[in-house]
1. Probe radius 1.4 Å, ligands and nucleic acids ignored: give me the carbon and sulfur share of the accessible area of the chain as a rounded percent.
2. Under 16 Å from the 7 Å Cα→Cβ point of LYS188, by amide nitrogen: which residues of segment 142-178?
3. Let's see if you can work this out: charge +1 on each Lys and Arg Cβ, -1 on each Asp and Glu Cβ, no other charges. What is the dipole magnitude of the chain about its Cα centre, in debye to the nearest 20?
4. Which chymotrypsin sites (Phe, Trp or Tyr not before Pro) does segment 214-257 hold that lie in a coil by DSSP with at most 12 other beta carbons within 10 Å?
5. Mind checking the full-extension length gain between LYS356 and GLU86? Use 0.36 nm per residue of separation minus the Cα-Cα distance, one decimal, nm.
6. List the trypsin sites (Lys or Arg not before Pro) within segment 140-191 that DSSP assigns to loop and that have no more than 16 neighbouring Cβ atoms inside 10 Å.
7. Taking the chain as a Gaussian network, where each spring joins two C-alpha atoms under 10 Å apart, which residue of ILE186, ILE45, ILE195 fluctuates the most?
8. Filter the GluC sites (Glu not before Pro) in segment 38-102 to those in DSSP coil with at most 16 other Cβ atoms within 10 Å of their Cβ, and list the result.
Amino acid sequence: MKVSEKGLSFLLQSGVVPLPHTIYENIFILGIGDSARIFTKDEKISIEFNHVFPFKNENRLKELNIDEELIFDLIADATISRIDDEKDTFLFHSAGKDSNTIALALAKAGYQDNVTLITHKSKGNKDESEISNSIAKKLGFKHQVLHEVDVLGDKHKESIVNFFKNSPFPSTDNVTLAYPLYTEQIPKLKKSNIIDGGGNDTYMMTPPSSRDVKILPISKYTSYLSVLRSFVNSESFMMKFLRTPPEWFGMSGLSYKDSKSIYHKCENVYNHWSTEFKKRKKWDLFDSKTDLYTTITVAEIHIRKARNFAHAIESNLILPFSNKKVAKYFSKMPEKYLFDRKLFKNKLILRDILKKEISLDSDAIGKLGFSYDSGSILLNNLDWMKKEILECNYWDKKNISKFLRRIEKNKNLHTSKGSMSRNCIYRLYLVSGWLNNNKYIN
(Lines give C-alpha, C1' and ligand atoms only; values in the text may rest on other atoms or scores of the structure.)
Protein backbone atom coordinates (compact mmCIF):
# COMPACT_ATOMS: atom_id res chain seq x y z
CA MET A 1 0.00 0.00 0.00
CA LYS A 2 1.07 3.58 -0.62
CA VAL A 3 1.61 6.23 2.07
CA SER A 4 -0.75 9.19 1.85
CA GLU A 5 0.90 12.61 1.61
CA LYS A 6 -2.04 14.09 3.52
CA GLY A 7 -1.80 11.42 6.21
CA LEU A 8 1.93 11.89 6.71
CA SER A 9 1.46 15.67 6.85
CA PHE A 10 -1.01 15.27 9.72
CA LEU A 11 1.22 12.79 11.57
CA LEU A 12 4.11 15.25 11.56
CA GLN A 13 2.14 18.34 12.60
CA SER A 14 -0.76 16.98 14.66
CA GLY A 15 0.33 13.50 15.70
CA VAL A 16 -2.89 12.03 14.37
CA VAL A 17 -4.57 11.48 11.01
CA PRO A 18 -8.19 12.68 11.35
CA LEU A 19 -10.74 10.11 10.27
CA PRO A 20 -11.91 9.02 7.78
CA HIS A 21 -8.43 9.54 6.31
CA THR A 22 -5.54 7.27 7.25
CA ILE A 23 -1.82 7.04 6.61
CA TYR A 24 -2.63 5.05 3.44
CA GLU A 25 -3.91 6.33 0.12
CA ASN A 26 -7.48 5.17 -0.58
CA ILE A 27 -7.82 3.40 2.76
CA PHE A 28 -10.43 4.96 5.05
CA ILE A 29 -11.76 4.31 8.56
CA LEU A 30 -15.31 5.01 9.65
CA GLY A 31 -15.14 6.05 13.29
CA ILE A 32 -17.74 7.17 15.81
CA GLY A 33 -20.46 9.15 14.03
CA ASP A 34 -18.98 8.62 10.57
CA SER A 35 -20.84 7.44 7.49
CA ALA A 36 -19.99 7.04 3.82
CA ARG A 37 -22.13 7.23 0.69
CA ILE A 38 -20.52 5.31 -2.16
CA PHE A 39 -21.65 6.01 -5.70
CA THR A 40 -20.44 6.04 -9.30
CA LYS A 41 -19.95 9.20 -11.30
CA ASP A 42 -18.56 9.28 -14.84
CA GLU A 43 -17.85 5.56 -14.47
CA LYS A 44 -15.67 6.23 -11.42
CA ILE A 45 -16.36 5.27 -7.83
CA SER A 46 -16.79 8.26 -5.52
CA ILE A 47 -17.26 8.46 -1.77
CA GLU A 48 -18.95 11.18 0.26
CA PHE A 49 -18.13 11.13 3.96
CA ASN A 50 -20.28 12.60 6.69
CA HIS A 51 -19.86 12.98 10.44
CA VAL A 52 -22.68 13.45 12.95
CA PHE A 53 -21.73 13.26 16.63
CA PRO A 54 -24.24 10.77 18.12
CA PHE A 55 -23.79 11.55 21.81
CA LYS A 56 -24.81 15.18 22.25
CA ASN A 57 -26.05 15.99 25.74
CA GLU A 58 -29.35 17.31 24.43
CA ASN A 59 -30.28 13.71 23.54
CA ARG A 60 -29.96 12.40 27.09
CA LEU A 61 -32.91 11.41 29.22
CA LYS A 62 -33.96 13.88 31.89
CA GLU A 63 -34.43 11.16 34.49
CA LEU A 64 -33.30 7.54 34.81
CA ASN A 65 -33.33 5.05 37.66
CA ILE A 66 -29.74 3.86 37.78
CA ASP A 67 -29.38 0.10 38.02
CA GLU A 68 -25.85 -0.59 39.25
CA GLU A 69 -26.19 -4.35 38.93
CA LEU A 70 -27.22 -3.91 35.31
CA ILE A 71 -24.06 -1.84 34.74
CA PHE A 72 -21.92 -4.67 36.14
CA ASP A 73 -23.80 -7.26 34.07
CA LEU A 74 -23.44 -5.26 30.85
CA ILE A 75 -19.70 -4.74 31.31
CA ALA A 76 -19.07 -8.33 32.40
CA ASP A 77 -21.00 -9.69 29.41
CA ALA A 78 -19.21 -7.31 27.03
CA THR A 79 -15.89 -8.64 28.33
CA ILE A 80 -16.52 -12.34 28.82
CA SER A 81 -18.33 -12.75 25.48
CA ARG A 82 -15.13 -11.68 23.69
CA ILE A 83 -12.70 -13.83 25.72
CA ASP A 84 -11.13 -16.80 23.95
CA ASP A 85 -10.96 -19.43 26.70
CA GLU A 86 -8.02 -21.14 25.01
CA LYS A 87 -5.81 -18.10 25.68
CA ASP A 88 -4.37 -16.40 28.75
CA THR A 89 -6.24 -13.23 29.69
CA PHE A 90 -4.78 -9.93 30.93
CA LEU A 91 -6.46 -6.69 31.98
CA PHE A 92 -4.45 -3.47 31.75
CA HIS A 93 -5.19 -2.13 35.20
CA SER A 94 -4.51 1.15 36.99
CA ALA A 95 -5.92 3.29 39.79
CA GLY A 96 -8.38 4.75 37.30
CA LYS A 97 -12.13 4.46 37.01
CA ASP A 98 -12.36 2.54 33.73
CA SER A 99 -10.16 -0.47 34.42
CA ASN A 100 -11.42 -0.78 38.00
CA THR A 101 -15.04 -0.85 36.86
CA ILE A 102 -14.13 -3.71 34.51
CA ALA A 103 -12.19 -5.52 37.27
CA LEU A 104 -15.11 -5.14 39.67
CA ALA A 105 -17.60 -6.40 37.07
CA LEU A 106 -15.41 -9.45 36.36
CA ALA A 107 -15.00 -10.12 40.08
CA LYS A 108 -18.76 -10.05 40.60
CA ALA A 109 -19.05 -12.50 37.69
CA GLY A 110 -16.56 -14.84 39.42
CA TYR A 111 -13.81 -14.45 36.83
CA GLN A 112 -10.90 -13.83 39.21
CA ASP A 113 -9.11 -17.07 38.41
CA ASN A 114 -9.26 -16.43 34.67
CA VAL A 115 -7.74 -12.94 34.49
CA THR A 116 -4.40 -11.40 35.52
CA LEU A 117 -4.24 -7.67 36.21
CA ILE A 118 -1.11 -5.97 34.84
CA THR A 119 0.01 -2.46 35.74
CA HIS A 120 2.67 -0.15 34.34
CA LYS A 121 4.94 1.16 37.10
CA SER A 122 5.53 4.83 36.37
CA LYS A 123 8.30 6.91 37.87
CA GLY A 124 7.73 9.36 40.70
CA ASN A 125 4.37 10.37 42.15
CA LYS A 126 2.43 9.21 39.07
CA ASP A 127 2.92 5.54 39.93
CA GLU A 128 -0.32 3.56 40.22
CA SER A 129 1.11 0.06 40.69
CA GLU A 130 0.80 -0.12 44.48
CA ILE A 131 -2.83 1.02 44.45
CA SER A 132 -3.51 -1.43 41.63
CA ASN A 133 -1.88 -4.28 43.52
CA SER A 134 -3.96 -3.61 46.64
CA ILE A 135 -7.18 -3.59 44.59
CA ALA A 136 -6.20 -6.83 42.85
CA LYS A 137 -5.71 -8.49 46.26
CA LYS A 138 -9.02 -7.13 47.52
CA LEU A 139 -10.89 -8.50 44.50
CA GLY A 140 -8.95 -11.79 44.33
CA PHE A 141 -7.05 -11.29 41.06
CA LYS A 142 -3.45 -12.18 40.26
CA HIS A 143 -1.33 -9.08 39.64
CA GLN A 144 1.89 -8.33 37.79
CA VAL A 145 3.88 -5.10 37.50
CA LEU A 146 5.40 -3.88 34.23
CA HIS A 147 8.57 -1.83 34.58
CA GLU A 148 9.96 0.93 32.39
CA VAL A 149 13.13 0.18 30.45
CA ASP A 150 15.47 3.13 29.91
CA VAL A 151 18.48 1.47 28.27
CA LEU A 152 17.52 -0.78 25.39
CA GLY A 153 19.29 -4.07 24.79
CA ASP A 154 19.28 -6.09 21.59
CA LYS A 155 16.12 -8.02 22.59
CA HIS A 156 14.29 -4.79 23.37
CA LYS A 157 15.28 -3.25 20.04
CA GLU A 158 14.18 -6.39 18.22
CA SER A 159 10.77 -6.23 19.91
CA ILE A 160 10.38 -2.58 18.92
CA VAL A 161 11.30 -3.26 15.29
CA ASN A 162 8.82 -6.16 15.17
CA PHE A 163 6.18 -3.86 16.63
CA PHE A 164 6.78 -1.31 13.86
CA LYS A 165 6.79 -4.09 11.28
CA ASN A 166 3.46 -5.61 12.27
CA SER A 167 1.46 -2.54 13.38
CA PRO A 168 -1.16 -1.76 10.73
CA PHE A 169 -1.09 1.98 11.53
CA PRO A 170 1.45 4.34 13.07
CA SER A 171 0.97 5.70 16.59
CA THR A 172 2.53 8.82 18.09
CA ASP A 173 1.27 8.26 21.62
CA ASN A 174 3.93 9.15 24.17
CA VAL A 175 3.78 5.66 25.72
CA THR A 176 3.97 3.76 22.42
CA LEU A 177 7.40 2.24 23.05
CA ALA A 178 6.35 0.83 26.40
CA TYR A 179 4.08 -1.71 24.74
CA PRO A 180 6.51 -3.81 22.70
CA LEU A 181 8.83 -3.92 25.72
CA TYR A 182 6.07 -5.51 27.82
CA THR A 183 6.40 -8.76 25.90
CA GLU A 184 9.99 -9.12 27.18
CA GLN A 185 8.65 -9.02 30.75
CA ILE A 186 5.50 -11.10 30.20
CA PRO A 187 5.98 -13.34 27.14
CA LYS A 188 2.49 -14.80 27.64
CA LEU A 189 1.03 -11.51 26.41
CA LYS A 190 1.65 -12.81 22.90
CA LYS A 191 -1.47 -14.45 21.43
CA SER A 192 -3.44 -13.70 24.60
CA ASN A 193 -6.70 -11.91 25.42
CA ILE A 194 -5.91 -8.28 26.30
CA ILE A 195 -8.60 -6.21 28.00
CA ASP A 196 -8.36 -2.42 27.89
CA GLY A 197 -10.60 0.19 29.53
CA GLY A 198 -10.60 2.71 26.69
CA GLY A 199 -13.63 3.75 24.69
CA ASN A 200 -16.14 5.37 27.04
CA ASP A 201 -15.09 9.04 26.97
CA THR A 202 -17.20 9.70 23.91
CA TYR A 203 -20.58 8.79 25.45
CA MET A 204 -19.76 9.62 29.09
CA MET A 205 -18.42 12.98 27.85
CA THR A 206 -15.03 14.62 28.34
CA PRO A 207 -15.40 17.90 30.24
CA PRO A 208 -13.17 20.81 29.30
CA SER A 209 -10.37 21.51 31.74
CA SER A 210 -9.89 24.83 33.49
CA ARG A 211 -7.06 25.42 30.99
CA ASP A 212 -9.45 24.83 28.08
CA VAL A 213 -11.90 27.39 29.43
CA LYS A 214 -9.15 30.01 29.68
CA ILE A 215 -7.23 29.29 26.49
CA LEU A 216 -9.83 28.29 23.89
CA PRO A 217 -11.50 31.73 23.64
CA ILE A 218 -8.05 33.25 23.06
CA SER A 219 -6.94 30.64 20.54
CA LYS A 220 -9.95 31.46 18.37
CA TYR A 221 -8.17 34.70 17.55
CA THR A 222 -4.46 33.88 17.85
CA SER A 223 -4.90 30.95 15.45
CA TYR A 224 -5.69 33.48 12.70
CA LEU A 225 -1.95 34.20 12.70
CA SER A 226 -1.64 30.99 10.73
CA VAL A 227 0.76 32.56 8.24
CA LEU A 228 3.40 32.36 10.99
CA ARG A 229 3.26 28.57 10.84
CA SER A 230 5.56 28.82 7.83
CA PHE A 231 8.20 30.72 9.82
CA VAL A 232 8.15 29.38 13.40
CA ASN A 233 10.48 26.64 14.65
CA SER A 234 8.98 23.53 16.26
CA GLU A 235 10.62 24.23 19.63
CA SER A 236 9.44 27.85 19.75
CA PHE A 237 7.09 28.99 22.51
CA MET A 238 5.08 30.68 19.73
CA MET A 239 3.83 27.27 18.56
CA LYS A 240 1.11 27.09 21.21
CA PHE A 241 -0.29 30.49 20.22
CA LEU A 242 -0.80 29.33 16.65
CA ARG A 243 -2.97 26.34 17.54
CA THR A 244 -6.61 26.26 16.54
CA PRO A 245 -9.03 25.20 19.33
CA PRO A 246 -9.21 21.55 18.13
CA GLU A 247 -5.40 21.30 18.28
CA TRP A 248 -5.51 21.93 22.02
CA PHE A 249 -7.30 18.60 22.46
CA GLY A 250 -4.32 16.27 22.81
CA MET A 251 -2.57 17.11 19.55
CA SER A 252 1.03 18.22 19.07
CA GLY A 253 3.82 18.06 16.55
CA LEU A 254 6.36 19.85 14.43
CA SER A 255 5.76 23.29 12.96
CA TYR A 256 4.68 23.52 9.34
CA LYS A 257 8.00 25.23 8.58
CA ASP A 258 10.03 22.27 9.83
CA SER A 259 7.62 19.66 8.47
CA LYS A 260 7.77 21.19 4.99
CA SER A 261 11.58 21.37 5.16
CA ILE A 262 11.88 17.72 6.15
CA TYR A 263 9.04 16.38 3.97
CA HIS A 264 8.65 18.44 0.80
CA LYS A 265 5.18 17.09 -0.01
CA CYS A 266 3.84 18.24 3.35
CA GLU A 267 0.47 20.01 3.46
CA ASN A 268 -0.41 22.70 6.00
CA VAL A 269 -3.05 21.24 8.37
CA TYR A 270 -4.32 24.63 9.55
CA ASN A 271 -7.28 24.83 7.15
CA HIS A 272 -8.57 21.41 8.18
CA TRP A 273 -8.60 22.16 11.92
CA SER A 274 -9.93 25.66 11.39
CA THR A 275 -12.83 24.24 9.36
CA GLU A 276 -13.56 21.58 11.99
CA PHE A 277 -13.75 24.29 14.65
CA LYS A 278 -16.09 26.45 12.56
CA LYS A 279 -18.48 23.52 12.16
CA ARG A 280 -18.86 23.41 15.94
CA LYS A 281 -18.41 27.04 16.96
CA LYS A 282 -22.03 27.31 18.15
CA TRP A 283 -21.91 24.05 20.07
CA ASP A 284 -21.80 23.66 23.81
CA LEU A 285 -18.11 23.32 24.78
CA PHE A 286 -18.73 19.94 26.44
CA ASP A 287 -20.13 18.57 23.19
CA SER A 288 -17.51 20.11 20.91
CA LYS A 289 -14.52 18.96 22.98
CA THR A 290 -15.92 15.46 23.39
CA ASP A 291 -16.60 15.11 19.68
CA LEU A 292 -13.19 16.37 18.53
CA TYR A 293 -11.12 14.83 21.31
CA THR A 294 -12.65 11.37 21.63
CA THR A 295 -13.42 10.57 17.99
CA ILE A 296 -9.98 11.69 16.80
CA THR A 297 -7.31 11.96 19.51
CA VAL A 298 -8.56 9.19 21.80
CA ALA A 299 -9.55 6.84 18.98
CA GLU A 300 -6.50 7.31 16.78
CA ILE A 301 -3.75 8.02 19.34
CA HIS A 302 -4.66 6.47 22.69
CA ILE A 303 -6.70 3.44 21.65
CA ARG A 304 -4.77 3.04 18.40
CA LYS A 305 -1.58 2.15 20.30
CA ALA A 306 -3.44 -0.68 22.08
CA ARG A 307 -4.95 -1.89 18.80
CA ASN A 308 -1.52 -1.82 17.17
CA PHE A 309 0.05 -3.70 20.06
CA ALA A 310 -2.58 -6.45 20.07
CA HIS A 311 -2.40 -6.81 16.30
CA ALA A 312 1.40 -6.91 16.29
CA ILE A 313 1.57 -9.75 18.84
CA GLU A 314 -1.48 -11.60 17.45
CA SER A 315 -3.56 -11.01 20.56
CA ASN A 316 -7.29 -10.55 20.96
CA LEU A 317 -8.04 -6.98 22.09
CA ILE A 318 -11.21 -6.56 24.14
CA LEU A 319 -12.69 -3.08 24.72
CA PRO A 320 -15.74 -3.65 26.96
CA PHE A 321 -16.68 0.03 27.05
CA SER A 322 -16.91 0.06 23.24
CA ASN A 323 -19.70 -2.52 23.39
CA LYS A 324 -22.93 -1.32 21.79
CA LYS A 325 -25.20 -2.21 24.74
CA VAL A 326 -22.85 -0.56 27.25
CA ALA A 327 -22.61 2.59 25.14
CA LYS A 328 -26.39 2.74 24.65
CA TYR A 329 -27.08 2.56 28.39
CA PHE A 330 -24.62 5.28 29.39
CA SER A 331 -25.43 7.53 26.42
CA LYS A 332 -29.01 7.97 27.65
CA MET A 333 -27.99 8.61 31.25
CA PRO A 334 -28.73 12.15 32.55
CA GLU A 335 -25.59 14.27 32.68
CA LYS A 336 -25.80 14.65 36.48
CA TYR A 337 -24.58 11.06 36.73
CA LEU A 338 -21.68 11.60 34.35
CA PHE A 339 -20.07 15.02 34.73
CA ASP A 340 -20.01 18.24 36.73
CA ARG A 341 -20.05 21.43 34.65
CA LYS A 342 -18.58 23.56 37.44
CA LEU A 343 -15.87 21.24 38.79
CA PHE A 344 -15.03 19.70 35.37
CA LYS A 345 -15.22 16.21 36.90
CA ASN A 346 -16.31 13.24 34.80
CA LYS A 347 -17.65 9.70 35.20
CA LEU A 348 -19.43 10.58 38.42
CA ILE A 349 -21.44 7.36 38.52
CA LEU A 350 -18.26 5.27 38.29
CA ARG A 351 -16.62 7.34 41.04
CA ASP A 352 -19.58 6.65 43.34
CA ILE A 353 -19.72 2.93 42.56
CA LEU A 354 -15.99 2.35 43.09
CA LYS A 355 -15.89 4.33 46.33
CA LYS A 356 -18.80 2.32 47.69
CA GLU A 357 -17.72 -1.10 46.44
CA ILE A 358 -13.90 -1.12 46.85
CA SER A 359 -13.19 2.11 48.80
CA LEU A 360 -11.43 3.65 45.80
CA ASP A 361 -11.69 7.42 46.25
CA SER A 362 -10.94 8.84 42.79
CA ASP A 363 -11.36 12.40 44.07
CA ALA A 364 -8.66 11.89 46.71
CA ILE A 365 -6.28 10.10 44.32
CA GLY A 366 -6.65 12.69 41.58
CA LYS A 367 -5.76 12.25 37.94
CA LEU A 368 -2.67 10.06 37.70
CA GLY A 369 -2.90 8.88 34.11
CA PHE A 370 -0.50 6.57 32.32
CA SER A 371 2.86 8.31 32.76
CA TYR A 372 5.84 7.15 30.68
CA ASP A 373 9.32 8.68 30.74
CA SER A 374 9.86 8.93 27.00
CA GLY A 375 12.54 11.57 27.59
CA SER A 376 14.72 9.09 29.44
CA ILE A 377 14.45 6.36 26.82
CA LEU A 378 15.24 8.99 24.17
CA LEU A 379 18.35 10.32 25.90
CA ASN A 380 19.65 6.84 26.72
CA ASN A 381 19.21 5.54 23.16
CA LEU A 382 19.58 8.73 21.13
CA ASP A 383 22.15 7.51 18.59
CA TRP A 384 20.06 4.44 17.77
CA MET A 385 16.92 6.54 17.35
CA LYS A 386 18.68 9.17 15.25
CA LYS A 387 20.00 6.46 12.95
CA GLU A 388 16.42 5.28 12.34
CA ILE A 389 15.33 8.83 11.54
CA LEU A 390 18.23 9.54 9.19
CA GLU A 391 17.65 6.29 7.29
CA CYS A 392 14.04 7.15 6.46
CA ASN A 393 13.67 7.73 2.72
CA TYR A 394 10.65 10.00 3.13
CA TRP A 395 12.77 12.82 4.58
CA ASP A 396 15.08 15.26 2.85
CA LYS A 397 18.51 13.97 3.91
CA LYS A 398 20.17 17.36 4.18
CA ASN A 399 17.34 19.10 6.00
CA ILE A 400 16.60 16.28 8.45
CA SER A 401 20.27 16.30 9.51
CA LYS A 402 20.20 20.06 9.88
CA PHE A 403 16.96 19.89 11.88
CA LEU A 404 18.32 17.25 14.26
CA ARG A 405 21.54 19.20 14.85
CA ARG A 406 19.54 22.30 15.72
CA ILE A 407 17.01 20.68 17.98
CA GLU A 408 19.42 18.28 19.67
CA LYS A 409 21.15 21.23 21.33
CA ASN A 410 18.09 21.60 23.59
CA LYS A 411 17.70 17.95 24.55
CA ASN A 412 18.97 18.35 28.14
CA LEU A 413 17.19 21.60 28.94
CA HIS A 414 14.68 21.41 31.82
CA THR A 415 12.44 23.95 30.14
CA SER A 416 9.48 23.92 27.77
CA LYS A 417 11.94 24.37 24.91
CA GLY A 418 13.83 21.27 26.02
CA SER A 419 10.63 19.25 26.43
CA MET A 420 9.33 20.29 23.02
CA SER A 421 12.66 19.45 21.41
CA ARG A 422 12.73 15.96 22.95
CA ASN A 423 9.12 15.41 21.88
CA CYS A 424 9.97 16.36 18.29
CA ILE A 425 12.84 13.87 18.10
CA TYR A 426 10.67 11.17 19.70
CA ARG A 427 7.84 11.90 17.24
CA LEU A 428 10.19 11.67 14.28
CA TYR A 429 11.57 8.39 15.60
CA LEU A 430 8.12 6.81 15.99
CA VAL A 431 7.04 7.87 12.50
CA SER A 432 10.38 6.97 10.89
CA GLY A 433 10.52 3.58 12.62
CA TRP A 434 7.08 2.70 11.29
CA LEU A 435 7.84 3.96 7.75
CA ASN A 436 11.17 2.11 7.64
CA ASN A 437 9.98 -1.26 8.90
CA ASN A 438 6.27 -1.65 8.27
CA LYS A 439 5.39 -4.73 6.21
CA TYR A 440 2.23 -3.21 4.73
CA ILE A 441 4.08 -0.49 2.83
CA ASN A 442 7.44 -2.21 2.23
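1. Values: 10330 of 20580 Å².
That fraction is 50 percent.
2. In segment 142-178, the label zone of LYS188 (backbone N under 16 Å from the point 7 Å along Cα→Cβ) covers 142-146.
3. 1520
4. On the way: sites: TYR221, TYR224, PHE231, PHE237, PHE241, TRP248, PHE249, TYR256; in loops: PHE231, PHE249.
Passing sites in segment 214-257 are PHE231.
5. Details: separation 270, 0.36 × 270 = 97.20 nm, distance 3.44 nm.
Between LYS356 and GLU86, full extension yields 93.8 nm more.
6. Of the trypsin sites (Lys or Arg not before Pro), the ones in loops of segment 140-191 whose Cβ has at most 16 other Cβ atoms within 10 Å are LYS190, LYS191.
7. Judging by the Gaussian network model, the answer is ILE45.
8. Details: sites: GLU43, GLU48, GLU58, GLU63, GLU68, GLU69, GLU86; in loops: GLU43, GLU63, GLU86.
Passing sites in segment 38-102 are GLU43, GLU63, GLU86.
The values are calculated or read from the model by the stated rules, or taken from the named source; none is laboratory data. None of the values given here were measured: they were computed from a predicted structure. With ideal geometry, Cβ positions are generated from the backbone for all residues, glycine too; neighbour counts draw on all protein chains shown. When the accessible area is computed, the model is the full protein with side chains, heavy atoms only, and any ligands, DNA or RNA have been set aside. Shrake-Rupley method; radii C 1.70, N 1.55, O 1.52, S 1.80 Å.
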